[in-house]
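Asks: Below is one structure. I have some questions about it.
What follows is calculated from the coordinates using simple rules that are stated; it is not laboratory data. None of the values given here were measured: they were computed from a predicted structure. We place every Cβ from the backbone using ideal geometry, glycine too, and count neighbours over all the protein chains shown.
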Amino acid sequence: MSHEKRIVTCSGPHDAHAFDGIPLQPRRGDLDRVCPVCGGHGQWNAEFDLASQRSKRCFCDKCDGRGWIETGSDLVPRPDIELAPDGTPRWVTRYDPSDDRE
Ligand SMILES: [Zn+2]
């Protein structure tokens, strides 16, 4: 007997199962507004299996997965990679002006 699979694919955050199993992101720093694209989730399901609840997810480009956007002049944290003094790459957080200033 094979395992039941009921996979739905989502073309974007507007699809019915796009946010199944994905929590809202907590607000970080001084970010101003819930992301209008992902509604504060930061990511959505590209594929979702209704039987097992497993999913393939994609990150939101608009908010870089933060779920929140900056509309003022505050700097926005962005994950980046730089080389440590010993030559190994490491994750750092940069603070840049937002693209979404109003
Ligand atoms: Zn977003």
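Asks: Would you work out which of S11, Q53, I81 lies farthest towards the positive end of the dipole of the chain, given +1 charges on the beta-carbon of Lys and Arg and -1 on that of Asp and Glu, about the Cα centre?
Replies: Of the listed residues, the answer is Q53.
Asks: Taking neighbour Cβ counts within 10 Å as the exposure measure, how do K62, K56 sort from fewest upward? Please list the in-between numbers first.
Replies: Details: K62 17, K56 12.
Going from least to most buried by this count: K56, K62.
Asks: Taking amide H positions as placed in the peptide plane 1.01 Å from N, state which residues far from G67 in sequence (5 or more) or on other chains have amide H under 5 Å from it.
Replies: G42
Asks: On to the next question. Can you tell me the equivalent ellipsoid semi-axes for the chain? Use √(5λ) from the Cα gyration tensor, largest first, whole Å. Intermediate results must be reported in sequence, preceding the final value.
Replies: On the way: eigenvalues 193, 79, 17 Å².
Each semi-axis is √(5λ); the values are 31, 20, 9 Å.
Asks: Once the Cα gyration tensor of region 4-52 is found, what semi-axes does its equivalent ellipsoid get, as square roots of 5 times the eigenvalues, in whole Å, sorted largest first? Let's see the in-between values first.
Replies: Working: eigenvalues 131, 24, 6 Å².
Semi-axes (√(5λ), whole Å): 26, 11, 6.
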